[in-house]
Amino acid sequence: MLCLAMDVTWPSPVLVMLKNETMTPLSHVVTDEESSWIVSVYFLSALFTLLLSFFFVNRLGKKQCLMFGSLPRIVSALICLFATNYQMLLIARVIKGISDTSAIVAVAPYAAEISSTEIRGSLGTISQVLSSLGVLIMFSVGPYVSYFTLNIIFTSIIVITFFPIFFLPESPYFLHSKGRSEDALAVLKFLRDSESTALTELNGYNVDKGINFDKRAFFREKTFIKTTLIGTVIALGTQLLGLGVFFTALKELKAESIHGFFNYLPLLSMGIVVLCFSSGAGPLYLLLIVELLDSPYRMVGTNVCMFASVMASFLLTKYFAAIITAIGSAATFYACSCNCLAFCVFVVIFVPETKNKSFGEIQSALANRVCHLKCSIKSTKM
C-alpha cells in the first residue's frame with residue numbers, strides 16, 4: 001500500500017518538473033494533454049488488468065499475485081528513472097497500473113483471510129496509515145529534489161518492500177480451496193497461535209475440498225448480486241468524493257486574492273476532508289467490500305467492485321479539469337458534497353456492522369437488514 005500510494009501521487013510533483021524546461025529529463029516539455037494521459041493511463045491499464053486478475057488470483061494464490069505484481073513495479077520504476085521521452089513514461093505508467101492492480105486485488109482478500117475477526121479492522125487501518133505515509137513522502141520530498149533523485153528514492157523503497165513478501169504465508173482459505181487442508185491448518189495455527197481456534201476456523205470455511213463452482217452461476221445468485229451492488233456503490237461513492245483529484249483541480253482554479261480568515265478556509269476544509277477520509281472510508285472501503293462478500297464469490301465480487309472504482313478514477317483524473325472549466329469549481333465541489341451526503345445515507349441504511357463478526361455472521365446481518373428494509377417499505381405503502 002505504501003508503494004501504491006506513491007505510484008498514485010507520483011505525477012503530482014513530477015508533472016511540475018516535466019513542464020519546466022530546466023528540470024525535465026525529457027526531450028521536450030509535456031503539454032496539458034500529455035500530462036492528463038500520464039495520470040489517467042495508469043487507471044486505464046488497471047481496467048484491463050482487472051479482467052484477468054480473477055483468473056490469476058484463483059489459480060496462483062494471493063501471495064504469488066503479490067509477488068508477481070511487485071516485479072513489474074521495479075521495472076516501471078527503472079524506466080521512469082532513465083526515461084528520455086514521453087512515450088517511455090507512458091509505458092512505465094501502464095506497467096505501474098498493471099502491477100498495482102495485480103497487487104491490490106489480492107491485498108484486501110488476503111488481509112481478510114489471514115486475520116481474525118478481532119483484528120480485521122485494524123489491518124485496514126494499517127493499510128491506510130501506509131497509504132498516507134506514501135502520499136506524505138511523495139508530497140514532502142518530491143517538490144524539493146530533482147527528478148532523478150525522487151525516482152532513486154522511489155525505486156529504493158519499491159525494492160526494499162519487495163523482499164518481505166517472500167516470507168508471507170499463503171492464504172489459508174486459498175490452500176483449503178485447493179485441497180491442501182493440512183497446509184491451511186498449519187498456517188492458521190501459526191497465525192492464531194491456538195490449534196483449537198485454527199480447527200474451528202478451518203471448519204467454518206464454506207468451500208469443501210474438491211468442489212468446483214460454476215462461475216457463470218454467480219450472476220444468478222441473489223446473495224452475490226445484492227452484496228456486489230452494495231460493494232460497487234461503496235467503491236463508487238469513495239472515489240467520487242473528489243479527494244483523489246483535488247490537487248489536479250488546484251492547477252485549474254483561478255481566484256482573486258483573498259485576505260484574512262477566508263484565505264485559510266480552503267486549507268482548513270481540505271484538512272477536515274482528509275481527516276474524515278483517513279478515519280473512515282479510506283482505510284475501510286476495500287476491507288468492507290471483502291467482508292460483505294461470501295467466500296465462494298469473494299474474488300469475483302471484489303473484481304466487479306474494483307472495476308467500478310478504477311473506472312471512476314480514470315474518468316475523474318482524465319476529465320475533472322474539463323468539468324471544472326465547463327461548470328465551474330463551485331458547482332463541481334457542490335456535486336462532490338452531495339455525493340458525500342448520499343454515500344453516508346446509503347451506508348447507514350444498507351451496510352451492516354462487521355466488527356468482531358465472522359463472515360457467516362456478516363452474511364446473516366446483511367440478509368436481515370435488507371429484509372427489514374423491504375418490510376418497512378411495504379408497511380409504508382400500506
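The values are calculated or read from the model by the stated rules, or taken from the named source; none is laboratory data. Only a predicted model underlies this, so the values are computations on that prediction, with no experimental measurement involved. Cβ coordinates were reconstructed from backbone atoms using ideal geometry, including for glycine residues, and neighbour counts include every protein chain displayed. Just so you know, the surface numbers come from the protein's heavy atoms only, side chains and all, with ligands and any DNA or RNA stripped out. Shrake-Rupley method; radii C 1.70, N 1.55, O 1.52, S 1.80 Å.
Identify all residues within the range 75-98 that are touching a residue at least 40 places away in the same chain (Cβ under 8 Å) and under 10 Å from Pro25 (Cβ atoms); write none if there are none. Hits for the range 75-98 are Cys80, Leu81, Ala83, Thr84, Asn85, Leu89. Taken over the range 19-55, the criterion of being among the hydrophobic types (A, V, I, L, M, F, W, C), out of contact with any helix residue (DSSP H, G or I) (no Cβ under 6 Å at 6 or more places or on another chain) and more than 12 Å from Tyr86 (Cβ to Cβ) is satisfied by Phe48, Leu51, Leu52, Phe55. Taking the numbered list (1) closer than 19 Å to Lys318 by Cβ; (2) of a type outside the set (Asp, Glu); (3) surrounded by 23 or more Cβ atoms within 10 Å (Cβ to Cβ) in turn, Gln87 passes all entries but (3).
Only one entry of Ser70, Ser116, Ser131, Ser76 meets the criterion of being buried (at least 22 other Cβ atoms within 10 Å of the Cβ) and not β-branched (Val, Ile, Thr), and that entry is Ser76. Does Ser53 qualify as being open to solvent by 20 Å² or more (accessible area, probe 1.4 Å), hydroxyl-bearing (Ser, Thr, Tyr) and in a helix (DSSP H, G or I)? It is false that Ser53 is open to solvent by 20 Å² or more (accessible area, probe 1.4 Å), hydroxyl-bearing (Ser, Thr, Tyr) and in a helix (DSSP H, G or I). Restricting attention to the range 166-195, the residues that are farther than 15 Å from Ala112 by Cα, of a type in the set (D, E, K, R) and modelled with pLDDT of 80 or more total 4.
Being among the aliphatic types (A, V, I, L, M), in contact with a Gly (Cβ under 6 Å, 6 or more places away or on another chain) and within 22 Å of Ile165 (Cβ to Cβ): is that true of Ala77 here? Before you say what the answer is, go through the steps one by one.
Numbers: among the aliphatic types (A, V, I, L, M): yes; in contact with a Gly (Cβ under 6 Å, 6 or more places away or on another chain): no; within 22 Å of Ile165 (Cβ to Cβ): yes.
For Ala77, the condition - among the aliphatic types (A, V, I, L, M), in contact with a Gly (Cβ under 6 Å, 6 or more places away or on another chain) and within 22 Å of Ile165 (Cβ to Cβ) - is not met.
Screening Lys96, Lys63 for residues that are closer than 17 Å to Met1 by Cα, open to solvent by 10 Å² or more (accessible area, probe 1.4 Å) and out of contact with any His (no Cβ under 8 Å at 6 or more places or on another chain) leaves exactly one candidate, Lys63. Taken over the range 134-175, the residue count meeting the criterion of being among the polar types (S, T, N, Q), surrounded by 18 or more Cβ atoms within 10 Å (Cβ to Cβ) and out of contact with any Phe, Trp or Tyr (no Cβ under 8 Å at 6 or more places or on another chain) is 1.
In the range 310-330, the residues that are touching a residue at least 40 places away in the same chain (Cβ under 8 Å) and within 28 Å of Thr101 (Cβ to Cβ) reach residues that are open to solvent by 30 Å² or more (accessible area, probe 1.4 Å) and outside any helix (DSSP H, G or I) with C-beta atoms within less than 8 angstrom, at least six apart or across chains, in these pairs: Ala312/Leu240; Leu316/Leu240; Ile324/Leu253.
Could you tell me whether Ser27 is open to solvent by 30 Å² or more (accessible area, probe 1.4 Å) and either modelled with pLDDT under 80 or among the polar types (S, T, N, Q) (or both)? Spelling it out, Ser27 is indeed open to solvent by 30 Å² or more (accessible area, probe 1.4 Å) and either modelled with pLDDT under 80 or among the polar types (S, T, N, Q) (or both).
Of all residue pairs spaced 6 or more apart or on separate chains, those with beta-carbon atoms under 7 Å, a first member in the range 126-139 that is farther than 8 Å from Ala5 by Cα and a second member that is of a type in the set (Phe, Trp, Tyr) are Met138/Trp10.
Scanning the range 176-186 for residues that are open to solvent by less than 60 Å² (accessible area, probe 1.4 Å) and free of Cβ contacts under 8 Å to residues at least 24 places away in the same chain returns Ala184, Leu185, Ala186.
Quick check on the range 147-154. Is at least one of its residues assigned to a helix (DSSP H, G or I), within 19 Å of Phe56 (Cβ to Cβ) and touching a residue at least 40 places away in the same chain (Cβ under 8 Å)?
Looking for residues that are assigned to a helix (DSSP H, G or I), within 19 Å of Phe56 (Cβ to Cβ) and touching a residue at least 40 places away in the same chain (Cβ under 8 Å), one finds none in the range 147-154, hence no.
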